Amino acid sequence: MPAYYWLIVVAVCILVELATMGLTSVWFAVGATVAYIVSLLGGETIVQIIVFLVVSLVALFITRPIAVKYFNSDRVKTNADSLIGREAVVVEKIDNVTNAGRVMVSGQEWAAQSKDGDVIDEKTIVVIESIIGVRLIVRNIKED
């Protein structure tokens, strides 16, 4: 395979990375760069492809967790994710059996479900554990 094919792969990967800024293709650009060097050294096409795949996967699995940790460390939770861990007030008794229950948090009313299946009365303070669809999964603070 001609060496310039690998340069095209590198360029495409870099363009995709610049367009998405999501750490999606930089690993493959690294693999393609090493495969390009192998092609310049006279490596056969199959060797180039194997080197590309191995280097790309090694780069992905070794460096991606580190990169994600540092690139996402200052990310602010937005929308519904920002509710997790916050307190809410039960405005309609929560009963998982009857699929009833609503809570008020930040001036908004949400459907709610008890994490442990317990019935939680009105005016009880709960903490939001997670979100499934449009329903908050909560637990009674007094159970702590």
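Does the stretch 43-63 contain any residue that is more than 30 Å from LEU7 (Cα to Cα) and acidic (Asp, Glu)?
no
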Does the stretch 3-25 contain at least one residue that is part of a loop (DSSP other than H, G, I, E, B), under 25 Å from ALA67 (Cα atoms), among the hydrophobic types (A, V, I, L, M, F, W, C) and at pLDDT below 95?
yes
Residue under question is GLU92, and the condition is that it be at pLDDT 90 or above, within 30 Å of GLU129 (Cβ to Cβ), in contact with a Gly (Cβ under 9 Å, 6 or more places away or on another chain) and open to solvent by 60 Å² or more (accessible area, probe 1.4 Å); does it hold?
yes
Can you find, within the stretch 39-52, the residue that is surrounded by the fewest Cβ atoms within 10 Å (Cβ to Cβ) among those that are touching a residue at least 24 places away in the same chain (Cβ under 8 Å) and not β-branched (Val, Ile, Thr)?
LEU40
Based on this model, can you work out whether LEU60 counts as assigned to a helix (DSSP H, G or I) and open to solvent by 60 Å² or more (accessible area, probe 1.4 Å)?
no
Of the residues in the stretch 13-38 that are open to solvent by less than 50 Å² (accessible area, probe 1.4 Å) and among the small types (Gly, Ala, Ser), the one that is farthest from VAL54 (Cα to Cα) is GLY22
Among the residues of the stretch 114-121, is there at least one that is assigned to a strand (DSSP E or B), in contact (Cβ under 8 Å) with a residue 24 or more places away in the chain and open to solvent by 40 Å² or more (accessible area, probe 1.4 Å)?
no
Hey, GLY85 open to solvent by less than 50 Å² (accessible area, probe 1.4 Å) and part of a loop (DSSP other than H, G, I, E, B) or not
no
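The values are calculated or read from the model by the stated rules, or taken from the named source; none is laboratory data. A quick note: this is a predicted structure, and the numbers were derived from the prediction, not measured. With ideal geometry, Cβ positions are generated from the backbone for all residues, glycine too; neighbour counts draw on all protein chains shown. The protein model used for the area step is the full one, side chains on, heavy atoms only, and it has no ligands, DNA or RNA in it. Shrake-Rupley method; radii C 1.70, N 1.55, O 1.52, S 1.80 Å.
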